[in-house]
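For reference, the structure discussed in these notes is given below.
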Amino acid sequence: MIKGRVVGRVWSTKRLASLPQGGLLEVDVEGGGRIIAFDPLGCADGEEVLVTQGSVAAGHFEGVRAPVDALIIGSIDENG
C-alpha cells in the first residue's frame, strides 16, 4: 500500500463505459511523486489516503474488468 495526500481532482467528461462510478484524484505520495488514483469513497482535497496499485486495484471490481491501476482503499483518520 502507498500512503498519500489528495491534492486535486481530474475531470473527465469522456470515459470508458467499464470505468465504475467514482472520481479521479491526484495524490501526492510519500517519498515523492504524484499519481492519479480512482476514488470510490468520495475523498476530499487534503485528505490522507491509502492507495493500492496494479492487479489488486483492478481486481477489486466484481463483474467488470475495470481499467484501474491505482485505487484509493482507505482514508486515514489519524496517525498513531
Any residue that is open to solvent by 80 Å² or more (accessible area, probe 1.4 Å), at pLDDT below 90 and on the phi > 0 side of the Ramachandran plot - is there at least one of those in segment 73-80?
no
For segment 4-43, the count of residues that are surrounded by fewer than 10 Cβ atoms within 10 Å (Cβ to Cβ), at pLDDT 90 or above and under 14 Å from Val68 (Cβ atoms) equals 0
Tally of residues being of a type in the set (Val, Ile, Thr), within 9 Å of the chain's Cα centre (by Cα) and in a loop (DSSP other than H, G, I, E, B) across segment 17-68
1
Within segment 53-72, restricting to residues that are in contact (Cβ under 8 Å) with a residue 40 or more places away in the chain and open to solvent by less than 20 Å² (accessible area, probe 1.4 Å), the one that is farthest from Arg15 (Cα to Cα) is Ile72
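The values are calculated or read from the model by the stated rules, or taken from the named source; none is laboratory data. These figures come from a predicted structure and were not determined experimentally. A quick note on method: Cβ atoms are made from the backbone with ideal geometry, for glycine too, and the neighbour counts reach across all protein chains shown. Ligands, DNA and RNA are excluded from the accessible area calculation, which covers all protein heavy atoms including side chains. Shrake-Rupley method; radii C 1.70, N 1.55, O 1.52, S 1.80 Å.
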